[in-house]
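J.: Below you'll find the structure I mean.
Bear in mind that the values in this text are calculations on the coordinates, not laboratory data. Note that the coordinates shown come from a computational prediction; the quantities given were computed from them, not determined experimentally. Note that we place each Cβ from the backbone using ideal geometry, even for glycine, and neighbour counts take in every protein chain shown.
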Amino acid sequence: MMKIGILAVQGAFVEHEAILKGLGVVCKEIRCKEDIEEPFDGLILPGGESTVQGKLLRELGLYEPMLGMINDGMPVLATCAGMILLAGKIEGQEQTYFATMPITVRRNAYGRQLGSFYTESAYDVLGNVPMTFIRAPFVTVAGAGTLVLASVDDRIVAVQYKNQIALSFHPELNDDTRIHENFIRLCRQQNI
């Protein structure tokens, strides 16, 4: 039975859980170091506040083990703040978090006035998918080996690098489950 770990220290993890359970996937909320001792097949880094999540990852002893899992090939789906956690560079700040993707991101890239918006746009082989953006980042530089999965208004909003998928938007806030289904396929392929 497929099991996905979801970082559940802050942010929109419950919505990811609901979609995954609807697809028949067992979810494991990750809140402390003990939660990652039991094996799982993939990891979701949800939207929320990247600064808070980054701080809690270290305080709770999750940073090093999760970094090891990602570097060892654990499939990851990162949304909004999760994208910032994976980014190798963050514009305007020196500190990074996992820094496992060769991308540069701009935080709150759409500005506070717009804050959030909804659109539908082409996503890799899936066709048009609904995209809900909430004070979202976007990718300003996609480095070597990074596949651009989606762009909106010439701004990169979805990328894949090896086992990691990072999205500026929140697929968990819409009824369309194709992005999660795609992630489950990636997890299955990694675990064959």
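J.: Roughly how big is the chain's charge dipole about its Cα centre, with Cβ charges of +1 (Lys, Arg) and -1 (Asp, Glu), in debye to the nearest 20?
T.: I would put it at about 280 debye.
J.: What does the net charge come to around residue 59 if you take all other residues with beta carbon closer than 12 Å to its beta carbon, with K and R at +1 and D and E at -1?
T.: Net charge in that neighbourhood comes out at +4.
J.: Further question on the same structure: Given R₀ = 25 Å, FRET efficiency for residue 188-residue 60 by Cβ-Cβ distance, to 0.05?
T.: After rounding, the FRET efficiency stands at 0.30.
J.: Below 8 Å, C-alpha to C-alpha, sequence gap of six or more: please give me the relative contact order for region 3-190 in percent.
T.: Worked out over region 3-190, it gives 19 percent.
J.: Further question on the same structure: Tabulate in residue order the Karplus-calculated ³J(HN,Hα) for region 91-102, using 6.51 cos²θ - 1.76 cosθ + 1.60 with θ = phi - 60°, rounded to whole Hz; enter x for Gly and Pro.
T.: Calculated HN-Hα couplings, in order: 4, x, 8, 7, 5, 10, 10, 5, 6, 9, 10, x Hz.
J.: Can you pull the one-decimal nm distance between simple spin-label points at residue 99 and residue 21, each 7 Å off the Cα toward Cβ?
T.: It works out to 3.8 nm between the two label points.
J.: How far is it, in nm, from the label point at residue 33 to the one at residue 122 when both lie 7 Å from their Cα along the line to the Cβ?
T.: In this crude spin-label approximation the distance works out to 4.8 nm.
J.: So how much slack lies between residue 52 and residue 108, counting 0.36 nm per residue of separation and subtracting their Cα-Cα distance, in nm?
T.: Computed gain between residue 52 and residue 108 is 18.7 nm.
J.: What is the packing order of peptides 50-62, 6-18, taking the mean over residues of other C-beta atoms within 10 Å and listing the highest first?
T.: Peptide ranking by packing, descending: 6-18, 50-62.
J.: Then there is this: Tally Lys/Arg at +1 and Asp/Glu at -1 over every other residue whose Cβ is under 14 Å from the Cβ of residue 153; what's the total?
T.: Summing Lys and Arg as +1 and Asp and Glu as -1 gives 0.
J.: Pick from 35, 175, 154: which residue has the top mean-square fluctuation in a GNM of the chain where Cα pairs under 10 Å get a spring?
T.: Among 35, 175, 154, the largest GNM mean-square fluctuation belongs to 154.
J.: In whole angstrom, how far apart do the alpha carbon centroids of region 86-155 and region 63-78 sit?
T.: Cα centroid of region 86-155 versus Cα centroid of region 63-78: 19 Å apart.
J.: When Lys and Arg each count +1 and Asp and Glu each count -1, what net charge do the other residues less than 12 Å away from residue 170, Cβ to Cβ, add up to?
T.: -2
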